[in-house]
1. Suppose the chain between ASP146 and ASP165 were pulled fully straight at 0.36 nm per residue; how much longer would it get relative to their current alpha carbon spacing?
2. Which value, in debye to the nearest 20, describes the size of the charge dipole of the chain about its Cα centre when Lys and Arg Cβ atoms bear +1, Asp and Glu Cβ atoms bear -1, and nothing else is charged?
3. Give or take rounding to whole Å, what are the principal axis extents of the alpha carbon atoms in the range 113-205, in descending order?
4. State the Cα centre-to-centre distance between the range 27-96 and the range 121-181 in whole Å.
5. How much length is gained if the chain between LYS4 and SER16 is pulled fully straight, taking 0.36 nm per residue apart and subtracting their Cα-Cα distance, in nm to one decimal?
6. Top to bottom by accessible area (1.4 Å), largest first, where do ASP45, ASP146 land?
7. Return the long-range amide H neighbours of ILE40 (sequence gap of 5 or more, or a different chain), with a cut-off of under 5 Å between placed amide H atoms.
8. Checking the table LYS85/LYS177; LYS43/LYS177; LYS4/LYS177; LYS43/LYS194 against a 27 Å threshold on Cα-Cα, which pairs fail?
Amino acid sequence: MSGKAPCRLGVLVSGSGTNLQAIIDRIESGEINAKIACVISNKADAYALTRAALHGIPAIVHENVSFPERRSYDAATVEILRSHKVDLVILAGFMRILTDVMVNAYPNAIMNIHPALLPSFQGLHAQQQALDYGVRYSGCTVHFVDHGTDTGPIIMQSVVPVEQDDTEETLSARIQKAEHQTFAAAIKLFVEGKIHVDGRRVYLT
Ligand code: GRF
């Protein structure tokens, strides 16, 4: 291993945390030279918090109820991330739209995973949108977060087939397997300094 300090990740979650687990596993195996500095959940009952705690990662419940509006919630999130010296923010199933407060604090350093091939099927229920449209292929997209919703520069995408008898559940499960690989691969490139952004274009070296 090089002597370089590992990149510090802050992972934001709301639910089960299978993507978080995939990242934890690859860090623990030495595949990704990073450290998860904290996991932050806006839901107190998110299983992702248990996953973090089981691996000795600070697991922080950060609910939005006590914040008058979205920007003050995001300002508090930024404070938590800064206090943990986070370099890269990972949205791993975080079910809130970020305001400019977060996006400006971490320019091209917030990554999201979306369960469709963007720019198709933005927003919620992307898998059902793909089924309803009748596409033969869907997949997942890892992108940087900008001021829009699911609109930021695309880092990596993976394609999965849509089967004729798919339901939202079966398609989601197939896409999730791809998500775990693709998200980890994008994070690995970032921590190795192999991602360069020029406007909307992302160059991988
Ligand atoms: C993933 O399917 C991701 O595409 C979406 O939220 C889901 C999170 O799943 N943004 P998990 O909590 O990582 O299992």
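The values are calculated or read from the model by the stated rules, or taken from the named source; none is laboratory data. Just so it is clear, the structure is predicted and the values come from calculations on it, not from any experiment. Glycine also receives a Cβ, built like all others from the backbone with ideal geometry; neighbour counts cover every protein chain displayed. Heads up: the accessible areas ignore ligands, DNA and RNA and are worked out on the full protein's heavy atoms, side chains in. Shrake-Rupley method; radii C 1.70, N 1.55, O 1.52, S 1.80 Å.
1. 3.3 nm
2. About 680 debye.
3. Result for the range 113-205: principal-axis Cα extents of 41, 25, 17 Å.
4. 23
5. Using 0.36 nm per residue and subtracting the Cα-Cα distance, I get 1.1 nm.
6. Solvent-accessible surface, decreasing: ASP45, ASP146.
7. For ILE40, whose amide H was placed from the backbone, the distant partners under 5 Å are VAL11, LEU12, VAL13, ILE60.
8. Among LYS85/LYS177; LYS43/LYS177; LYS4/LYS177; LYS43/LYS194, the Cα-Cα distance tops 27 Å for LYS85/LYS177; LYS4/LYS177; LYS43/LYS194.
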